[in-house]
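First up is the structure itself, then whatever we jot down about it.
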Amino acid sequence: MRSDSRLWLGGILALTLAYTLGTLVDSGGLSLTARMGTWPMAAAAGVAAVSLLYSARRRAASGADTEANADGADGAAALRYLGLAALAWCAGAVTYGVTGLFSTSAALSLTFGDLLSLVALPLFAVGFTRFAPLPRGVRPAVRHFTDSYVCAAAVFTVVWLVLFAPLYSEMGVNADFVGFALVYPVADIVVLCLLAPLVLTSPHSTRRAVLLAMGAFVIICGADLISTITRLTGEPLAGGIEHPVRLLGFALLAGLPWLIRDTAAAAPRRITGRGLYRFAPEIAAAVALAVASVVLTVAALRMDGVAPVLPLVAGSAVLVLLVRLVGLLEENATLARMVLTRERHFHELARNSGDVILILDEDGAIFYVSPGAAEAFGYRLDDLLAEPVTAIVHPEDLPRVAAAMSAFRRDASPSFSLRLRVRSGDGTWRHTESTVSRYERPGEPDRLLVTTRDISAQVALEQQVDHLTFHDGITGLPNRAYLEERTREVLSRHGAGEGPWTDVAAIFLDLDGFTAVNDSAGHTFGDYLLAQAARRLRATTDPGHTLARWGGDEFAVLIEENVQAQQVVDLAERLSRVIGSEPFQVAEREVVLTASVGVAFAERGIESGELLRNADMAMARAKEEGGGGRLEVYAAHMHAAVVRRLELQTELRQALADGDFVLEYQPVVDLESSQVTAVEALVRRRSGDTVIPPEDFIGAAEESGLIVPLGEWILREACGRVAQWRAAEWDIGLAVNLSVRQVLSPRFVETVATVLAESGLPAHVLTMEVDEEVLLENPGEAVARLSELRGLGVRLAIDDFGMGYASLAHLRQLRVDEIKIDPSFIRDLGTDGTVTLLTHTIIRLGQDLGVQVVAEGIERPEQLERLRAMGCGYGQGFLVAKPMAAAGVEALVGDDVRTPAG
């Protein structure tokens, strides 16, 4: 749209320039523009009429004036009236052109063409006021019209003295002829002075259109002024310059809808001062009168006589000014009544308001106080008026009052707020919130208006909320947010050199086994246990230390004093002992807990978050090492291990996205026939030419949750491969390991069912292997999920059987189809009598329960022979077959199981 505007403007200027050059071309004693007459203007006015009327119709149909209508403007109606005005100008120009064909002399009276052109002025004014509405209401409208008349009278006086008075004296023509000749400039000046102030008060959405329309009208008025001089002198001015000037005005009017189309107007802004644009008519009238006064004074000094029209204009202007003065006096009386009414309302509001309202002198003396002060603060009005207000303000708050007052006077701010403590009538201190602003009355010194509200209840509530925000609701100890903020304050104080650098330290403590107790006995039981633990820790912690509940079953202690490292470690050991020294008594049950403890010391320049993180990592290391009262002091390698674990998790996610995981299959054979009956899918990670075993990344995948999508990929890949082998007439089963995260993931069973359906693998062919950790983590939900899995027809196996204390209980809780003897039993088979007896017992147990028994880790021939002798049916191990790629399995079994083509 910006390029279209430039093309319009460029075209208008080029056309006007070309037409203006016609004034210099002499053709038969007349310039080219004079010979062409009004026909080019008629054409330009006609084009403007068509452009404006067409745009008005299109805007009305499209509803593009929503924003303008909201500001009180009507763009479609404005363009319609402006188009009608252009049509009237066109008709007048055509009439001039037709009459000019029959007469070449200048008209000495108003013609029909003049009447048509004069009709255009009210139409233009109506259209302009649709873009820039007139003031609403009778009083504002009367003020606008009277000021516009004064402005018009002053402007006409100046124009008369500068342009027409010399012509009048030289020509000596009669007054009637001058009156007819001055119709155009008088009408133009009246309309111009009526509309010009509206430019400053127009809505910002139509400001561009208003400026363009006013610019076009000013140009047309200038052409009318030149035309009037031509009529009076009888000779074209500057070769008929009025014609290209008028053409420029009509061309700009024709381009108005295209120059403003889809162009956002600038935001409204003040012209100058404090909203002087609101008084635009008065400003215009005052400026015009001032200029007229100067011109009249100069003219009176230089002229012997004054034309008769001037007394009429000056007298009428004085009369209008008198009317305006009467209006101003009436307005002042109204304003005085409003002031008294508002003063009365103010006192009534102060009397019935729940707030205390005071009017103070600059020195703090109370000039007025609302009656509610006695009820609010327990004072008598006479007591308050007897002394300055600072006498009841808390001494600690007085410096803030002085600083606020100083800034108030210096910055001339309209108001400011303060929270102060004020002494009540009974001697207690009340919290108040006050708003202070200037109070001005004519003829009196400036005072301060103070509105005060008692917010003691609100402050008490805020303090309670702050306590709840920074304290734990169960134990009553400071919470994590408080500890973090306190640690930040302590470290910043020591780092700023406010005291000697001390052995600031943090101790983290975790209750071992609390999660199992909480899950089995309920959260109410667990909350009561946490409260008892907090009381023990509080009794053991020195008053100068900050004990907090970090979250869950974790507690933290911030050591702020100058203590030795050994003292910190001793305190950590005492905290651990006090937890495990005696059972916790909850209802009728006794619960024995231990605590894992981590300690970290601050170093110069350490951040608060880093100190707390180090202590947390040390505590996590203590739990990894077995917990049960273990204590660890943070070392740098702990952080490096955590960082490496996080980096590994990121690498694993990228590896899964890039397809860097591969599967190997370890055959399961019938120990009697040595026939391969199944394969166990084992995942490997490929990094370049290196194959990484699962023990190097499974833990990180489990911790990050990546084991769920990775396990789904393993299941989908293995089921697809075994389904292809079975399609090649090889009756073989598949075993896949499951982790805790997989079993407890929300859509675990649905995922298995979907993979089986997509691959076409029968459910009874798939064996899902779980270890005892799955049943220990969340036994209820785990058993339910695995039971749903059995409902699909999938076989279940307990992996590493015999290593957990709850193996037999698992066999009772969950029906399984297979147990796999842990490799540690097979390793010592034949060398350790106890292990040999236990292995034989497990095999007999499986036979009695009717489940398949698989021995893992067969590596020596004597182990294989002993297992056969014990009656073990199936086995795995390097002696039988190592894990291998799918192609290796196919080669081991033979060509009959190779994947079918396609």
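The values are calculated or read from the model by the stated rules, or taken from the named source; none is laboratory data. These numbers were taken from a predicted model, which means no experiment stands behind them. Positions of Cβ are generated from backbone atoms using ideal geometry, with glycine treated the same way; all protein chains shown enter the neighbour counts.
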Exercise for the section: Assess whether Phe801 counts as being modelled with pLDDT of 85 or more and among the aromatic types (Phe, Trp, Tyr). Expected result: no
Handout entry: Residue in the range 721-731 that is hydrophobic (A, V, I, L, M, F, W, C), touching a strand residue (DSSP E or B) at 6+ places or on another chain (Cβ under 7 Å) and not in a loop (DSSP other than H, G, I, E, B) present
Key = yes
Practice task
Please work out if Gly846 is crowded, with 19+ Cβ neighbours inside 10 Å, under 17 Å from Leu796 (Cα atoms) and not polar (S, T, N, Q).
Solution key: yes
Practice task
Quick one: in the range 68-126, of everything that is farther than 30 Å from Pro203 by Cβ and of a type in the set (S, T, N, Q), which residue is modelled with the highest pLDDT?
Solution key: Thr95
Exercise for the section: Would you mind stating whether Leu715 is modelled with pLDDT under 90 and of a type outside the set (Phe, Trp, Tyr)? Expected result: no
Completion exercise
If you go through Ala216, Ala187, Ala223, the only one that is modelled with pLDDT of 80 or more, within 60 Å of the chain's Cα centre (by Cα) and not assigned by TED's automatic domain parsing to the domain that holds Leu252 is Ala187
Practice task
Of all residues in the range 721-735, count the ones that are among the aromatic types (Phe, Trp, Tyr) and surrounded by fewer than 18 Cβ atoms within 10 Å (Cβ to Cβ).
Solution key: 1
Exercise for the section: List the number of the failed condition for Leu398; all other conditions in (1) modelled with pLDDT of 75 or more; (2) part of a loop (DSSP other than H, G, I, E, B) hold. Expected result: (2)
Fill in the blank from the handout: Of the residues in the range 851-869 that are closer than 12 Å to Glu672 by Cα and of a type in the set (A, V, I, L, M), the one that is surrounded by the most Cβ atoms within 10 Å (Cβ to Cβ) is Leu867
Problem - Residue identified as of a type outside the set (S, T, N, Q), out of contact with any His (no Cβ under 6 Å at 6 or more places or on another chain) and part of a strand (DSSP E or B) among Arg653, Arg685 - result: Arg685
